[in-house]
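What follows draws every value from the coordinates through simple rules; no lab data is involved. Keep in mind that this is a model prediction, so the values were computed, not measured. A quick note on method: Cβ atoms are made from the backbone with ideal geometry, for glycine too, and the neighbour counts reach across all protein chains shown.
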Ligand SMILES: [Ca+2]
Ligand SMILES: [Ca+2]
Ligand SMILES: [Ca+2]
């Protein structure tokens, strides 16, 4: 049906206008009253469009389209209910505003849904104060916070977002509160299976756009049957979507010096001596971190004893599979006495939250040991893979062909000790600029880097048993 130019279509009271197998084209003035317009039947999408020169403001709009859909060819507004009964409403590059306080979607299911892979957004604005699982307009994003967010606009679109180079699901939410800080909010993001865009549903994790990059948020709860993923501890809102999981790695390595052949684990003298900092040291030591800059662990983590006690901070890098001089991302991690390399909670696997699912060379660095890199790129897809064990002599480690990248001690591979200034070479500079001024001085973590065996003392043992023996060794890392 068509409302011609300069003509009025008035739907009075609760009247119900049914458009069967046809379009709703408004080139004039449409007054919806408290009525309902239903698009019904099985006509093709092209013959079921909602458009016209004028923006139609519906009270109730019902889509009941027998597998086919209705594309928008103009922006529309629905002030009460958009009732999804069957088929789909394709935004088709146009916007659907859920107007007034009441405007909301009803009955959306995997067979009666709103889509819009060519663009366009569903827009809902309302006042949000201390929301408890509030799903504005039933748009699909539920917010919980004790804060007053004020006037808040939630937009939902269906063009997939590129998350650090990998495509996300075919749905995103852009949430813009007036008061957008210290929210301590949780967010439940829903989706349909047909929006998965080839991603493994069980691996979906929330991602937030931070401008220059997307940041991963951990899954607090999820349900693949009812199709949601929820995250918590959200300080402020912006653009959100779901995508592949953060890149998770199980890694193990041992450091020469603290490594003890008798019990095949490392000493944790720096921890027991209270020398380990709770904040990552690598930024202050002029290493370039791309994730977790200035991040911290807790004194509780550093009070763990036994095989999982923390020996020291390390840093890991992911390097480009086609050019291993390129550092894609890097983060600080913790090393346990039994060689497990873990996140800052002291127990979880390592997670990179800013890299695409792809293959990378894995680099391990320590502030006074020679860094190493895997000989081959490792495929990371968001699922937890096999242990990458640099202490295993069968592990292929990258070499520049000048000297062994690791020390072999009773069949266990160790990172070479002795690079006190961390420049990748063990030479006289390490003794002259690091060991000499620190020898016999009180231990300070950031400056006592010549403590090669990490026993909490800089003395002749560090020179005689480590530096002298390893002198002239170089790191087997491609320069960057
Ligand atoms: Ca362990
Ligand atoms: Ca050096
Ligand atoms: Ca020492």
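Note the full-extension length gain between residue 296 and residue 233 as 0.36 nm times their separation in residues minus their Cα-Cα distance, in nm to one decimal. Separation in residues times 0.36 nm, less the Cα-Cα distance, equals 21.1 nm.
Indicate the gyration tensor shape class of the stretch 1-104 (rounded, prolate or oblate), computed on the Cα atoms with a ≥ b ≥ c the square roots of the eigenvalues: a/c under 1.5 is rounded; otherwise a/b larger than b/c is prolate and the rest oblate. Rounded shape, in that the Cα axes give a/c under 1.5. Restricting attention to the chain, close to 65% of DSSP beta bridges with both partner residues there are antiparallel.
Length, then width, then depth: along the principal axes, the Cα atoms of the stretch 319-380 run 33, 25, 16 Å.
The stretch 264-293 and the stretch 314-336 have Cα centres spaced 16 Å apart. If you average the C-alpha positions of the stretch 135-179 and of the stretch 341-378 separately, how far apart do those two centres end up, in angstrom? Here the two parts' Cα centres lie 31 Å apart.
Here the residues 189, 384, 318, ranked from fewest to most Cβ neighbours within 10 Å of their Cβ, fall in the order 384, 189, 318. As an equivalent ellipsoid, the chain spans semi-axes of 61, 21, 17 angstrom, where each value is the square root of five times an eigenvalue of the C-alpha gyration tensor, largest first. How many percent of DSSP beta bridges within the stretch 2-243 run antiparallel, rounded to 5? Bridges in the stretch 2-243 that DSSP calls antiparallel: roughly 50 percent. Note on residue 225/residue 348: beta-carbon distance plugged into 1/(1 + (r/R0)^6) with R0 of 45 Å gives a FRET efficiency of 0.95. Plainly put, the stretch 327-453 has a radius of gyration that is 0.99 times its Kirkwood radius, both from alpha-carbon atoms, as the Rg/Rh ratio. Between residue 325 and residue 433, full extension at 0.36 nm per residue minus the direct alpha carbon distance yields a gain of 36.1 nm. Express as a percent, rounded to the nearest 5, the fraction of DSSP beta bridges in the stretch 247-470 (both residues included) that run antiparallel. Percent antiparallel among DSSP bridges in the stretch 247-470 is about 90. Multiplying the residue separation of residue 472 and residue 399 by 0.36 nm and removing their Cα-Cα distance gives an extension gain of 24.7 nm. Relative to one another, the C-alpha centroids of the stretch 66-133 and the stretch 433-480 are positioned 64 Å apart.
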